[in-house]
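The values are calculated or read from the model by the stated rules, or taken from the named source; none is laboratory data. The shown structure was predicted, so the numbers you read here are calculated from the model rather than taken from an experiment. Cβ: placed from backbone, ideal geometry, glycine included. Neighbour counts: every protein chain shown. With ligands, DNA and RNA removed, areas are computed over all heavy atoms of the protein, side chains included. Shrake-Rupley method; radii C 1.70, N 1.55, O 1.52, S 1.80 Å.
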Amino acid sequence: MLILHYTGMQSAQEAIDRLRDPEARVSSHYVVEEDGTIWRLVPEERRAWHAGISYWRGHRVLNGRSVGIEIVNPGHAFGYRDFPAPQMRAVSRLCREILGRHAVPARNVVAHSDVAPDRKEDPGERFDWAGLAREGIGLWPEGVPDLGTDGALADAQDLRAVRAALARIGYEVAAEGPFDPALATVLRAFQRHWRPEAVTGQADAGTQARLLAVAGSCG
């Protein structure tokens, strides 16, 4: 797996210092600064402590099966902002290099919020997942029309296909049940990655269309 994060701290140096502090018990393989500078903190063949309590496609111990990239951005708590072009170019280059060394399927290039939706929001809705996918990094549902935010589903029977699609992509979600806070949390994670224009936590028409397209490409 390849898991992308934002640092969520007020400066790059603060984030790097924390990632290098043994007492913090958190680490990452790489850090990418806003000017495109790349720091390697942990060799790829070693475990880094970046994913935390997490789940993806049936697996829970994700630190032992993933490479983690921390992307410098203050995050939602400290003034979330766009990721600069030099930073995104560096992220793209680094991802392509990692994927050249490891057989990571596109469906396993994910956000921290994808694998820990109840705890994390990063790298968030401002991150250019579509741009990365155009360079062969991860998945993006091209050509799916925007059907808007009407038609949100709430009934358990109507939501079966939504829950099945989320599970097919990789999220941990109950197979049955009406709309509830747990499902809303997972839907927000999906939207931050694949429908950033409407992070509502609702199974609306636009989200359903995007969701089915992503699920269909997961194989």
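Just so you know, the Rg over Rh for region 34-107 is 0.98, from Cα atoms, with Rh as the Kirkwood radius. Each of 83, 179 has its accessible area taken with a 1.4 Å probe; listed largest first, they run 179, 83. As an exercise, find the ratio Rg/Rh for the chain from alpha-carbon atoms, using the Kirkwood inverse-distance average for Rh. When Rh is taken as the Kirkwood radius, the ratio is 0.96. Distance from the alpha carbon centroid of region 147-202 to that of region 16-94 works out to 26 angstrom. Among DSSP bridges having both ends in the chain, what percentage is antiparallel? Round to the nearest 5. Beta bridges within the chain, antiparallel portion: roughly 25 percent.
When Lys and Arg each count +1 and Asp and Glu each count -1, what net charge do the other residues less than 11 Å away from residue 18, Cβ to Cβ, add up to? Residues close to residue 18 contribute a combined charge of -3. The helix-based estimate of mean residue ellipticity at 222 nm for the chain, built from -39,500 (n - 2.57) per DSSP H run of four or more residues and divided by its residue count, is -9500 deg cm²/dmol to the nearest 500.
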